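A.B. asks: Next up is a structure, given as structure tokens.
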Amino acid sequence: MVTGSPGSPARPPRQWRRRLRQLRPLLLSAVVVAGLGVIGYAVFFSTWLAADRVEVKGGSSVSDQAVVRAAAIEPQTPLARVDLDAVDDRVSQLAAVANADVHRAWPHTISITVEERQPVATIHRDGSWQVLDKEGVLYLKTTRRNPQLAVLQFQGEATRVALREVGRVVVALPTSLRSQLKHLEASSMDSIHLRLRGGREVVWGSAAESDRKVKVLLLLMQRPASVYDVSVPEQPTTSPR
């Protein structure tokens, strides 16, 4: 039986062609699995995509070096295996850092964006000036007072809750009131007083309804007085000079 012309390549038997067609999906699957294995090794186990660089953004009072040290990323760690939540937690432990955002920037970089605490007031304690933010966190010690910050004089124990109340009051004050503020006095979270220039006093109470208290106070200050009491904004009072 003639199967082809002289000189033409021999064709594989029909059963072999059928077998090849049957094996083709298996061979393709094997190639895909092998490829995924190589990719998985490269991403999760090799140093080809290692975290070789830490990029820090947003810092001013906190140095980039301090953030990198706090991040504590082991050299040559595959980028995909860096625990971003753990890095976030470690960087957020820095006193001046309010929040940190950590993400991967392929192929070799961990990017860390820090949000620093914003100073709102200062208090003199233990021989130094300590700065607090709006959440009442004392995060910085200095030997000199920052003249742009309100001074807090606290009678009794300055608890974190009480300091947070003071911070929220200062943040609520508009520029027109902050410019008149000499210092704040507090004996508890519910007993905050503002001492203004010209010998005037504002009985503020707690930080509750601070926005409303500001509006009431601005109306009250249209009349001369020595004491303005807005601790209960629905029933404000004044005391004459």
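A.B. asks: Do the conditions hold for residue 67, that is, is it more than 28 Å from residue 152 (Cα to Cα) and surrounded by 15 or more Cβ atoms within 10 Å (Cβ to Cβ)?
C.D. replies: Considered against the rule, which asks whether it is more than 28 Å from residue 152 (Cα to Cα) and surrounded by 15 or more Cβ atoms within 10 Å (Cβ to Cβ), residue 67 comes out as yes.
A.B. asks: For residue 176, indicate whether it is in a helix (DSSP H, G or I), surrounded by fewer than 19 Cβ atoms within 10 Å (Cβ to Cβ) and among the polar types (S, T, N, Q).
C.D. replies: Judged against the criteria, residue 176 is a match.
A.B. asks: Scan the range 104-149 for residues that are buried (at least 21 other Cβ atoms within 10 Å of the Cβ) and in a strand (DSSP E or B) and jot them down.
C.D. replies: Scanning the range 104-149 gives 110, 112, 114, 120, 121, 122, 123, 131, 132, 133.
A.B. asks: Could you pull out the residue among 153, 148, 118, 93 that is within 14 Å of the chain's Cα centre (by Cα) and closer than 21 Å to residue 173 by Cα?
C.D. replies: After applying the criteria, what remains is 118.
A.B. asks: Another question about this same structure. Could you count how many residues in the range 48-63 are under 12 Å from residue 111 (Cα atoms) and exposed (fewer than 15 other Cβ atoms within 10 Å of the Cβ)?
C.D. replies: Result for the range 48-63: 3.
A.B. asks: Regarding residue 126, is this residue closer than 23 Å to residue 164 by Cα and either among the small types (Gly, Ala, Ser) or more than 13 Å from the chain's Cα centre (by Cα) (or both)?
C.D. replies: The answer is yes for residue 126.
A.B. asks: Name the single residue that is surrounded by the fewest Cβ atoms within 10 Å (Cβ to Cβ) among those in the range 150-173 being β-branched (Val, Ile, Thr) and not in a loop (DSSP other than H, G, I, E, B).
C.D. replies: 161
A.B. asks: State the number of residues belonging to the range 96-115 that are among the hydroxyl-bearing types (Ser, Thr, Tyr) and over 13 Å from the mean Cα position of the chain (by Cα).
C.D. replies: Residues in the range 96-115 being among the hydroxyl-bearing types (Ser, Thr, Tyr) and over 13 Å from the mean Cα position of the chain (by Cα): 2 in total.
Any read-out appearing in this document is the output of simple, stated calculations on the displayed coordinates, not a laboratory observation. Computed from a prediction, not measured in an experiment: that's the story for all the values here. Neighbour counts run over all protein chains shown; Cβ positions are idealised from the backbone, glycine included.
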